[in-house]
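No lab work stands behind these numbers, since they all come straight from the coordinates. Treat the numbers as computed from the prediction; the structure is a model and nothing was measured. Cβ sites come from the backbone with ideal geometry, for glycine too, and all protein chains shown count toward neighbours.
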């Protein structure tokens with residue numbers, strides 16, 4: 001069920017004190033490919049990476065792991081623009097954002113980074129966290145808030161990437177749903193064409209309990225049959 005006029009609850013907020021970051025990062029060219037050269041790079045304190053983008057030939061590079069760690073410690077990496085200083089005689093630096101980051105599943109160590117070169121005058125696709133605010137009417141009536149999507153994809157200029165999209169869920173009742181198209185986005189930020197999916201819903205706890213109860217009931221006859229089987233076998237033997 002859609003919420004009538006649900007576009008109104010959607011809101012936007014930039015956290016004070018956290019402007020869009022721009023960080024300078026040294027990037028050295030790399031020639032070796034495969035696990036061996038990549039492992040040696042990491043052992044020397046470098047992270048294998050690649051720089052690509054519209055009109056940019058993919059360029060294998062390496063960046064200092066320590067500098068990358070410092071960038072992450074500063075906060076929201078999704079709102080960070082990197083000025084990559086290419087140490088290969090190229091004039092100036094290349095502006096880029098992190099498109100993909102691979103880390104070790106146990107140690108969290110950086111394994112590989114994809115840098116996407118950007119044009120400050122051209123919109124790009126980014127994923128932005130969704131931040132529900134308030135308590136839904138449905139929750140007060142015993143319902144349960146379910147966040148289906150914790151991030152949404154938007155189109156915007158690099159310097160207009162929002163830190164988060166805040167959503168006031170207080171008007172939502174049990175059985176009501178908020179779709180991505182219902183959100184109020186900040187100026188200059190838009191959804192990709194055709195985007196239409198559920199981001200938040202309020203479900204009845206009874207509805208949540210029903211599948212579990214049905215599964216338990218379905219299992220009961222089988223358990224009863226298993227318990228009765230030995231008795232029937234003994235009866236037959238007698």
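Okay, here's what the table says:
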| quantity | calculated |
| --- | --- |
| Two-site FRET efficiency, residue 184 against residue 85, from Cβ-Cβ distance with R₀ of 22 Å, rounded to 0.05 | 0.05 |
| FRET efficiency, residue 146 to residue 77 (Cβ-Cβ, R0 35 Å, nearest 0.05) | 0.80 |
| Compactness index (Cα Rg / 2.2 N^0.38 Å), region 21-121 | 1.02 |
| Cα centroid separation, region 148-170 to region 37-107 (Å) | 24 Å |
| Mean separation of Cα contacts under 8 Å, 6 or more apart, over the residue count of region 21-121: relative contact order % | 32 percent |
| Residue 196/residue 120 FRET efficiency (R0 30 Å; Cβ-Cβ; nearest 0.05) | 0.50 |
| Label-point gap, in nm, between residue 24 and residue 107 - each point 7 angstrom along Cα→Cβ | 3.0 nm |
